[in-house]
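Have a look at the structure below, then the notes.
Since every read-out is calculated from the coordinates, none of them should be taken as a lab result. Just so you know, these numbers come straight off a predicted model, no measurement behind them. Note that we place each Cβ from the backbone using ideal geometry, even for glycine, and neighbour counts take in every protein chain shown.
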Ligand code: R5P
C-alpha cells in the first residue's frame, strides 16, 4: 500500500483514519477553505506523483462541496496521480433521475457527467438506484456499489428482540427483504404517497399479527424524515410498539432529526456513510475490503 495515499475531504476524517489504519495507507494533507469572497482555496501538501490517491468525500449537501472537490481532483491529476479513487459513501444527485414535470433537469445525469472526467473509480454505498438499475447507466467509469444490508441485518439480529422489519414504500422492498432474510425476521412493505418535498402519506399497515414484535423501519435515505415520521405516527395509531428507525444515509435536513425524535420512535440508528450522532452501524469494513482488492 506504499504507493497509495488517502485524503480526507473536510468532514470525512473519522472514516478516512479508519481506512488508513486498516490498510496501512498513509494519510495525505490538504488545506481546503474559502477566501473572504467565498471562492475556494485548495492546497495539496503531499507529492502524489505516480501514486494511487483515494479521496474520501461523502456528498450530502453537495453544492458547497462540489467545486472545491473538483479543484482537488484536478489538482491531483495535474500533480500526476496515477489513479484517483473517489470514495463517496453517500452519492449526491441520485434522486432526480427522470422528468417528473416537463422542463425539469435530470440532475442524476448531469452530476455524473460533471464528476466522471475527474476520477478513475467511484466507490459508494447504496446509491438511490430505483428507476436506474445499474451505475453503469450513469457512470462511464468503474463504479463499485456497496450494500449496507448485511451489516444492518447483523445489527437487527444482535440488538433487537423479536423484530418485524417494515419498509415505508415499495422502493424500500429491495433492501428490507434482504435485511429480513439475513436477520431471519418477517417483513412488511407499506404504501407511500408523496404529495410534495415535505409531505407524504403512508398507508396503515396490516399489523395485527405483529403487535408483540418490535417494528423496525428501514429506509435508505432519511432526508426530511417525513417518510419515517408518517410511518411512526401510523404505527402508533395501530397500537404497535414504538419502532426502531434505521436509515442507511443520515442526511437529516433542517430540524428533521429532532422532528423524528419527537415522533417517538424507541431509537434512531443510521450507518456511518454521513457523520451524525445517530451513527451506530459501522460500514468501514465494506470500504476497506473493496479498497484492499482494488
Ligand atoms: C425515497 O424514494 C427514499 O427511499 C426515501 O424514502 C426518501 O428519500 C426519504 O425521504 P424523506 O426523509 O424526505 O421522507
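Some points to look at:
- Between residue 177 and residue 212, the contour length at 0.36 nm per residue exceeds the alpha carbon distance by 10.6 nm.
- Gyration tensor (alpha-carbon) shape descriptor, the chain, a/c threshold 1.5: prolate
- Angle in degrees between helix 13-23 and the longest Cα principal axis of the chain, rounded to the nearest 10: 70 degrees
- Relative contact order [Cα under 8 Å, 6+ residues apart], the range 103-170, whole percent: 29 percent
- Rough spin-label spacing in nm, given labels placed 7 Å along Cα→Cβ, for residue 259 and residue 114: 2.5 nm
- Applying 0.36 nm per residue to the separation of residue 50 and residue 294 and subtracting their alpha-carbon distance, the gain on full extension is 86.2 nm.
- Using a Förster distance of 35 Å, the FRET efficiency for residue 83-residue 162 (Cβ separation, nearest 0.05): 0.15
- For the chain, calculated [θ]222 nm from helices alone, where every DSSP H run of n ≥ 4 adds -39500 (n - 2.57): -9500 deg cm²/dmol
- Cα-based shape type of the range 66-143, given that a ≥ b ≥ c are square roots of the gyration tensor eigenvalues and the cut on a/c is 1.5: prolate
- Estimated Rh, the range 1-77: Kirkwood, alpha-carbon pairs, angstrom: 13.0 Å
- Added length on full extension, which subtracts the Cα-Cα distance from 0.36 nm per residue, residue 21 to residue 100: 24.0 nm
- Cα-based helix-to-principal-axis angle, 173-183 vs the chain, degrees rounded to 10: 80 degrees
- When you restrict to C-alpha pairs under 8 Å that are six or more residues apart and normalise by the size of the range 65-224, the relative contact order lands at 17 percent.
- Here's the picture: a label point sits 7 Å out from the Cα of residue 267 along the beta-carbon direction, and within the range 150-169 the residues with their amide nitrogen under 20 Å of it are 150-168.
- Between the range 76-155 and the range 245-290, the alpha-carbon centres lie 20 Å apart.
- Computed over the range 136-294, relative contact order equals 19 percent, with contacts defined as Cα pairs under 8 Å that lie 6+ residues apart.
- Between residue 29 and residue 170, the FRET efficiency estimated from the beta carbon spacing at R0 = 35 angstrom works out to 0.15.
- Ranked packing of 264-276, 77-89, 108-120, most packed first, by mean Cβ within 10 Å: 264-276, 77-89, 108-120
- Tilt relative to the chain, helix 284-293 - C-alpha long axis, 0 to 90 degrees, to 10: 50 degrees
- Antiparallel DSSP beta bridges within the chain, percent to nearest 5: 20 percent
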